[in-house]
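Have a look at the structure below, then the notes.
The values are calculated or read from the model by the stated rules, or taken from the named source; none is laboratory data. Remember, it's a predicted structure, so these values are computed and weren't measured experimentally. For neighbour counting, all protein chains shown are included, and Cβ atoms are generated from backbone atoms with ideal geometry for every residue, glycine included. Calculation scope for accessible area: heavy atoms of the full protein, side chains included, ligands and nucleic acids excluded. Shrake-Rupley method; radii C 1.70, N 1.55, O 1.52, S 1.80 Å.
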Amino acid sequence: MAYTNSKLVNHKHLSPNHSGTRNHVIDTITIHCVVGQCSAETLGNIFADANRQASSNYGVGYDGRIGLYVEEKNRSWCSSSSVNDNRAITIEVASDTYDPYRVNDKAYNALIKLVADICKRNGIKKLKWSTNKNERMNHLNGCNMTVHRDYANKSCPGDYLYGKMGDIASKVNKLLGTSTTTATTTPAKPTSTAFKPYLVRVTADALNIRKGAGTNYKVTGCITGGGVYTIVDEKKGTGSTKGWGKLKSGAGWIALDWVKKL
Ligand SMILES: [Zn+2]
(Lines give C-alpha, C1' and ligand atoms only; values in the text may rest on other atoms or scores of the structure.)
Protein backbone atom coordinates (compact mmCIF):
# COMPACT_ATOMS: atom_id res chain seq x y z
CA MET A 1 0.00 0.00 0.00
CA ALA A 2 1.39 3.35 -1.00
CA TYR A 3 1.76 5.83 1.81
CA THR A 4 -0.23 9.03 1.65
CA ASN A 5 -0.85 11.96 3.99
CA SER A 6 -4.09 13.31 5.37
CA LYS A 7 -6.01 15.88 3.36
CA LEU A 8 -7.29 17.27 6.66
CA VAL A 9 -3.94 18.99 7.20
CA ASN A 10 -4.16 22.79 7.56
CA HIS A 11 -0.46 23.46 8.03
CA LYS A 12 2.55 21.60 6.65
CA HIS A 13 5.98 22.15 8.16
CA LEU A 14 8.19 19.13 7.64
CA SER A 15 10.66 18.35 10.40
CA PRO A 16 14.23 17.10 9.88
CA ASN A 17 13.69 14.89 12.94
CA HIS A 18 12.82 11.47 11.56
CA SER A 19 14.48 8.21 10.49
CA GLY A 20 13.38 8.12 6.90
CA THR A 21 11.11 5.40 5.52
CA ARG A 22 9.39 3.30 8.15
CA ASN A 23 10.19 -0.43 8.28
CA HIS A 24 6.67 -1.58 9.17
CA VAL A 25 3.23 -1.00 7.74
CA ILE A 26 1.06 1.47 9.60
CA ASP A 27 -1.14 -0.55 11.94
CA THR A 28 -1.03 1.45 15.18
CA ILE A 29 -2.15 4.85 16.44
CA THR A 30 -0.22 6.59 19.23
CA ILE A 31 -1.78 9.75 20.63
CA HIS A 32 0.35 12.11 22.73
CA CYS A 33 -0.29 15.27 24.71
CA VAL A 34 1.81 18.35 23.92
CA VAL A 35 1.74 19.79 27.45
CA GLY A 36 0.88 23.19 26.07
CA GLN A 37 -2.18 24.72 24.41
CA CYS A 38 -0.27 25.54 21.27
CA SER A 39 -1.17 25.92 17.61
CA ALA A 40 -0.25 23.66 14.69
CA GLU A 41 2.24 26.36 13.67
CA THR A 42 3.97 26.50 17.06
CA LEU A 43 4.33 22.75 17.13
CA GLY A 44 5.78 22.87 13.61
CA ASN A 45 8.35 25.42 14.76
CA ILE A 46 9.33 23.27 17.72
CA PHE A 47 9.86 20.19 15.58
CA ALA A 48 11.71 22.20 12.91
CA ASP A 49 14.61 22.57 15.35
CA ALA A 50 17.04 19.72 14.67
CA ASN A 51 18.44 20.09 18.19
CA ARG A 52 15.06 19.03 19.55
CA GLN A 53 15.53 15.49 18.28
CA ALA A 54 11.77 15.06 18.46
CA SER A 55 8.81 15.05 16.11
CA SER A 56 5.43 13.53 15.43
CA ASN A 57 3.67 12.66 12.20
CA TYR A 58 0.78 15.00 13.01
CA GLY A 59 -0.16 17.60 15.54
CA VAL A 60 -3.56 18.97 16.51
CA GLY A 61 -3.61 22.56 17.73
CA TYR A 62 -5.84 23.92 20.52
CA ASP A 63 -8.18 25.26 17.82
CA GLY A 64 -8.53 21.92 16.04
CA ARG A 65 -6.24 22.83 13.15
CA ILE A 66 -4.00 19.99 12.04
CA GLY A 67 -0.28 20.08 11.27
CA LEU A 68 1.83 17.61 9.30
CA TYR A 69 5.45 17.40 10.46
CA VAL A 70 6.64 13.94 9.40
CA GLU A 71 5.05 12.36 6.37
CA GLU A 72 3.26 9.09 7.04
CA LYS A 73 5.83 7.14 5.02
CA ASN A 74 8.54 8.17 7.50
CA ARG A 75 9.25 7.10 11.07
CA SER A 76 8.79 9.96 13.51
CA TRP A 77 10.72 10.40 16.77
CA CYS A 78 7.87 10.52 19.18
CA SER A 79 7.21 7.55 21.46
CA SER A 80 10.67 6.64 22.84
CA SER A 81 10.41 3.39 20.89
CA SER A 82 11.77 2.60 17.45
CA VAL A 83 9.53 -0.46 17.20
CA ASN A 84 6.42 1.57 17.98
CA ASP A 85 7.23 4.58 15.86
CA ASN A 86 8.01 2.39 12.86
CA ARG A 87 4.47 1.01 12.86
CA ALA A 88 2.50 3.85 14.43
CA ILE A 89 1.17 7.15 13.25
CA THR A 90 2.07 9.51 16.07
CA ILE A 91 -0.12 12.48 16.88
CA GLU A 92 0.62 15.29 19.34
CA VAL A 93 -2.50 17.00 20.66
CA ALA A 94 -2.44 20.43 22.32
CA SER A 95 -3.20 20.03 26.01
CA ASP A 96 -3.09 21.86 29.32
CA THR A 97 0.31 22.08 30.97
CA TYR A 98 -0.98 20.53 34.19
CA ASP A 99 -2.51 17.24 35.24
CA PRO A 100 -4.66 15.69 33.78
CA TYR A 101 -3.45 17.52 30.64
CA ARG A 102 -6.92 18.21 29.35
CA VAL A 103 -7.57 18.64 25.64
CA ASN A 104 -10.08 21.18 24.25
CA ASP A 105 -13.22 19.87 22.58
CA LYS A 106 -12.17 21.44 19.26
CA ALA A 107 -8.86 19.61 19.31
CA TYR A 108 -10.53 16.41 20.50
CA ASN A 109 -13.10 16.41 17.71
CA ALA A 110 -10.44 17.18 15.11
CA LEU A 111 -8.31 14.35 16.51
CA ILE A 112 -11.13 11.85 15.99
CA LYS A 113 -11.62 12.92 12.37
CA LEU A 114 -7.87 12.76 11.75
CA VAL A 115 -7.53 9.27 13.27
CA ALA A 116 -10.51 7.99 11.26
CA ASP A 117 -8.90 9.37 8.10
CA ILE A 118 -5.57 7.70 8.95
CA CYS A 119 -7.32 4.38 9.57
CA LYS A 120 -9.27 4.57 6.31
CA ARG A 121 -6.26 5.32 4.13
CA ASN A 122 -4.08 2.68 5.79
CA GLY A 123 -6.58 -0.17 5.87
CA ILE A 124 -7.08 -0.16 9.64
CA LYS A 125 -10.65 -1.43 9.78
CA LYS A 126 -11.21 -1.07 13.48
CA LEU A 127 -9.48 0.83 16.24
CA LYS A 128 -9.14 -1.09 19.45
CA TRP A 129 -7.95 0.18 22.83
CA SER A 130 -7.03 -1.82 25.90
CA THR A 131 -6.34 -0.65 29.43
CA ASN A 132 -3.91 -3.57 29.67
CA LYS A 133 -0.35 -2.48 28.88
CA ASN A 134 0.70 -5.98 27.82
CA GLU A 135 -2.18 -6.16 25.35
CA ARG A 136 -1.26 -2.77 23.94
CA MET A 137 2.47 -3.34 23.61
CA ASN A 138 2.06 -6.80 22.10
CA HIS A 139 -0.96 -5.90 19.99
CA LEU A 140 -2.99 -8.72 21.54
CA ASN A 141 -6.69 -9.22 20.86
CA GLY A 142 -6.67 -6.71 18.07
CA CYS A 143 -5.39 -3.82 20.19
CA ASN A 144 -3.83 -1.23 17.93
CA MET A 145 -3.51 1.83 20.15
CA THR A 146 -0.42 2.44 22.24
CA VAL A 147 0.63 5.27 24.54
CA HIS A 148 3.95 6.95 25.26
CA ARG A 149 3.91 5.84 28.91
CA ASP A 150 4.17 2.26 27.68
CA TYR A 151 7.71 2.97 26.53
CA ALA A 152 9.05 5.65 28.84
CA ASN A 153 8.63 6.87 32.39
CA LYS A 154 6.27 9.63 31.31
CA SER A 155 2.69 10.57 32.02
CA CYS A 156 2.06 11.17 28.31
CA PRO A 157 -0.65 11.14 26.96
CA GLY A 158 -1.87 12.43 30.37
CA ASP A 159 -4.72 10.97 32.33
CA TYR A 160 -7.32 12.98 30.39
CA LEU A 161 -6.49 11.46 27.02
CA TYR A 162 -5.62 8.09 28.53
CA GLY A 163 -9.11 7.90 29.98
CA LYS A 164 -10.59 8.90 26.63
CA MET A 165 -8.88 6.28 24.46
CA GLY A 166 -11.88 3.95 24.56
CA ASP A 167 -14.14 6.84 23.57
CA ILE A 168 -11.79 7.80 20.76
CA ALA A 169 -11.83 4.22 19.45
CA SER A 170 -15.61 4.12 19.65
CA LYS A 171 -16.07 7.43 17.84
CA VAL A 172 -13.49 6.56 15.18
CA ASN A 173 -15.10 3.18 14.62
CA LYS A 174 -18.44 4.89 14.11
CA LEU A 175 -16.85 6.95 11.34
CA LEU A 176 -15.30 3.77 9.94
CA GLY A 177 -18.67 2.06 10.00
CA THR A 178 -17.64 -0.53 12.56
CA SER A 179 -18.68 -0.94 16.16
CA THR A 180 -16.60 -1.49 19.26
CA THR A 181 -19.12 -3.92 20.67
CA THR A 182 -19.68 -7.40 19.32
CA ALA A 183 -23.46 -7.32 19.50
CA THR A 184 -26.03 -4.63 18.99
CA THR A 185 -29.04 -6.54 20.19
CA THR A 186 -29.64 -8.17 23.54
CA PRO A 187 -29.56 -11.95 23.29
CA ALA A 188 -31.97 -13.97 25.39
CA LYS A 189 -30.96 -14.31 29.00
CA PRO A 190 -29.29 -17.71 29.32
CA THR A 191 -30.52 -20.38 31.67
CA SER A 192 -27.47 -22.62 31.42
CA THR A 193 -25.35 -23.26 34.48
CA ALA A 194 -22.81 -25.23 32.48
CA PHE A 195 -19.16 -24.62 31.77
CA LYS A 196 -17.07 -21.87 30.31
CA PRO A 197 -16.31 -19.74 28.41
CA TYR A 198 -19.19 -17.40 28.72
CA LEU A 199 -20.30 -14.28 27.07
CA VAL A 200 -21.20 -11.58 29.49
CA ARG A 201 -22.74 -8.20 29.04
CA VAL A 202 -21.52 -5.45 31.25
CA THR A 203 -24.02 -2.77 32.07
CA ALA A 204 -21.69 0.08 32.81
CA ASP A 205 -18.25 1.27 31.97
CA ALA A 206 -15.80 -1.32 33.13
CA LEU A 207 -12.41 0.17 32.71
CA ASN A 208 -9.31 -1.53 34.07
CA ILE A 209 -10.71 -5.04 34.28
CA ARG A 210 -7.86 -7.44 34.68
CA LYS A 211 -7.30 -11.07 35.42
CA GLY A 212 -5.99 -12.32 38.70
CA ALA A 213 -6.36 -10.44 41.95
CA GLY A 214 -8.56 -13.14 43.37
CA THR A 215 -10.99 -13.27 40.52
CA ASN A 216 -11.92 -16.44 38.68
CA TYR A 217 -12.41 -14.67 35.45
CA LYS A 218 -10.17 -13.65 32.66
CA VAL A 219 -11.44 -10.95 30.37
CA THR A 220 -10.43 -11.06 26.77
CA GLY A 221 -10.79 -8.05 24.58
CA CYS A 222 -11.10 -4.44 25.42
CA ILE A 223 -13.60 -3.50 28.07
CA THR A 224 -14.37 0.12 27.49
CA GLY A 225 -18.07 0.42 28.06
CA GLY A 226 -21.37 -1.34 28.11
CA GLY A 227 -21.29 -4.14 25.59
CA VAL A 228 -20.78 -7.83 25.04
CA TYR A 229 -17.49 -9.40 25.95
CA THR A 230 -15.98 -12.82 26.31
CA ILE A 231 -14.75 -13.97 29.68
CA VAL A 232 -13.16 -17.27 30.47
CA ASP A 233 -13.35 -18.96 33.83
CA GLU A 234 -9.85 -19.96 34.77
CA LYS A 235 -11.14 -22.73 37.03
CA LYS A 236 -12.10 -25.04 34.23
CA GLY A 237 -14.99 -27.36 34.84
CA THR A 238 -16.31 -25.66 37.91
CA GLY A 239 -18.99 -23.71 36.17
CA SER A 240 -21.76 -22.35 38.26
CA THR A 241 -23.95 -19.34 38.09
CA LYS A 242 -23.17 -18.75 41.72
CA GLY A 243 -21.28 -15.54 42.04
CA TRP A 244 -21.72 -14.66 38.40
CA GLY A 245 -23.47 -11.47 39.24
CA LYS A 246 -20.32 -9.47 39.43
CA LEU A 247 -16.99 -9.26 37.76
CA LYS A 248 -14.12 -7.81 39.65
CA SER A 249 -12.37 -4.93 38.00
CA GLY A 250 -9.45 -2.73 38.87
CA ALA A 251 -11.88 0.02 39.72
CA GLY A 252 -14.20 -2.07 41.90
CA TRP A 253 -17.15 -4.16 40.86
CA ILE A 254 -19.33 -3.78 37.85
CA ALA A 255 -22.72 -5.29 37.24
CA LEU A 256 -23.20 -8.07 34.75
CA ASP A 257 -26.49 -8.15 32.98
CA TRP A 258 -26.36 -11.73 31.86
CA VAL A 259 -23.99 -14.63 31.36
CA LYS A 260 -24.17 -16.99 28.46
CA LYS A 261 -22.31 -20.18 27.64
CA LEU A 262 -20.51 -20.01 24.29
ZN1 LIG B 1 4.39 11.61 24.25
### Query
Ignoring ligands, DNA and RNA, what percent of the accessible area of the stretch 13-149 is carbon or sulfur (1.4 Å)?
48 percent
### Task
Could you list, in their original order, any pairs among Lys106/Lys133; Lys12/Lys164; Lys7/Lys154; Lys113/Lys174 whose Cα atoms are separated by more than 21 Å?
Lys106/Lys133; Lys12/Lys164; Lys7/Lys154
### Message
Within the stretch 57-101, list the residues whose amide N lies under 13 Å from a label point set 7 Å along Cα→Cβ of His13.
### Response
59-62, 66-70
### Query
Among rounded, prolate and oblate, which fits the stretch 11-176 when a ≥ b ≥ c are the square roots of the eigenvalues of its C-alpha gyration tensor, a/c under 1.5 means rounded, and a/b larger than b/c means prolate?
rounded
### Query
Of all DSSP beta bridges in the stretch 11-176, what percent run antiparallel (nearest 5)?
30 percent
### Task
Leaving out ligands and nucleic acids, note down the accessible area per residue over the stretch 1-118 with a 1.4 angstrom probe, in whole Å².
41 Å²
### Query
If you count, for each residue, the other Cβ atoms within 10 Å and average over each peptide, how do 87-93, 166-172, 64-70 line up from highest to lowest?
87-93, 64-70, 166-172
### Task
Evaluate E = 1/(1 + (r/R0)^6) for His24 and Asp159, where r is the Cβ-Cβ distance and R0 equals 45 Å; express this FRET efficiency to the nearest 0.05.
0.95
### Message
Relative contact order for the stretch 11-176: what percent, with Cα pairs under 8 Å and sequence separation of 6 or more?
### Response
26 percent
### Message
Please list, in order along the stretch 122-130, the HN-Hα scalar couplings obtained from phi with the Karplus expression 6.51 cos²θ - 1.76 cosθ + 1.60 (θ = phi - 60°), rounded to whole Hz, x for Gly and Pro.
### Response
10, x, 8, 7, 8, 8, 9, 9, 9
